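Okay, structure first, notes after.
Read the figures in this text as sums done on the coordinates, not as results from a lab. Here the structure is a predicted model, which is why all the values come from computation and not from measurement. Positions of Cβ are backbone-derived with ideal geometry, glycine not excepted, and every protein chain shown enters the neighbour counts.
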Amino acid sequence: MNITGGYLKSRKIISPKGENVRPTLSKTRESLFNILSNLIIFEESAFLDVFAGSGIIGFEAASRGFRSVDFIEKDRKTFNLLKENARILGINAEFHFGFAEKVLKTLDKAFDVIYLDPPYAMGLYDGIIKTIRAKNALNSGGILVLEHPESVEICTDGFEILKQKKYSDKMLTFCKNAPL
């Protein structure tokens, strides 16, 4: 799998094997960052890749100039591969091991963009979105990006939906953090 933009464009990353990892396609990643570039200034922004998996989304963010990038991943093998990919690419990032909701509750910083792409069948969106809101993990005016199947209903209370874009069988929903 290759990074699609920025200073690391065309660099390959090693993707974990298995059924529980479904990396976001390059066309979707390119569109994601094109949309974000109209909403925020990358160089001034902190990015969090929740359910990082291969880390391709966070690596794209780093390559495109985000000020900082953090990853959350709960699978030990995938977590180790994620760190190895960052080392090979020369990316300085923070890595958080554990269940996303628990990790989010312990973080003492806020982000400008949070990318949320949990395993679709586990019904994790609503609980994690509530945790993000309760912990103020997203800065005022920050962007929450949800990757999800079109058929999944997600409660976005406290967030203003800015844009939704469909890519084959999945959607990207861009939400702005509304004031409390």
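For Lys74, list the aspartates and glutamates whose Cα falls under 20 Å from its own Cα; do not include residues on the same chain fewer than 8 positions away. Filter leaves Glu19, Asp49, Glu84, Glu94, Glu101, Asp108, Asp117, Asp126, Glu147. Across the chain, Cα pairs under 8 Å and at least six residues apart give a relative contact order of 17 percent. In the elastic network of the chain, a GNM with C-alpha springs shorter than 10 Å, the most mobile of Val152, Val69, Val50 is Val152.
Full extension of the segment from Ser168 to Arg67, taken as 0.36 nm per residue of separation minus the current Cα-Cα distance, would add 33.2 nm.
Could you give the size of the charge dipole of region 26-177 about its Cα centre, using +1 on the Cβ of each K and R and -1 on the Cβ of each D and E, expressed in debye and rounded to the nearest 20?
160 debye
Potential lengthening of the chain between Thr106 and Glu153 amounts to 14.2 nm, from the contour at 0.36 nm per residue minus the alpha-carbon distance. Stretched out straight at 0.36 nm per residue, the stretch from Ala134 to Arg11 would grow longer than its current Cα-Cα span by 40.6 nm. Projecting the Cα atoms of Ala134, Val152, Leu25 onto the dipole axis of the chain, where Lys and Arg carry +1 and Asp and Glu carry -1 at the beta carbon, places Leu25 farthest toward the positive end. Need one word for region 21-180: rounded, prolate or oblate. Basis is the Cα gyration tensor (sqrt eigenvalues a ≥ b ≥ c); a/c below 1.5 gives rounded, then a/b vs b/c decides. Rounded.
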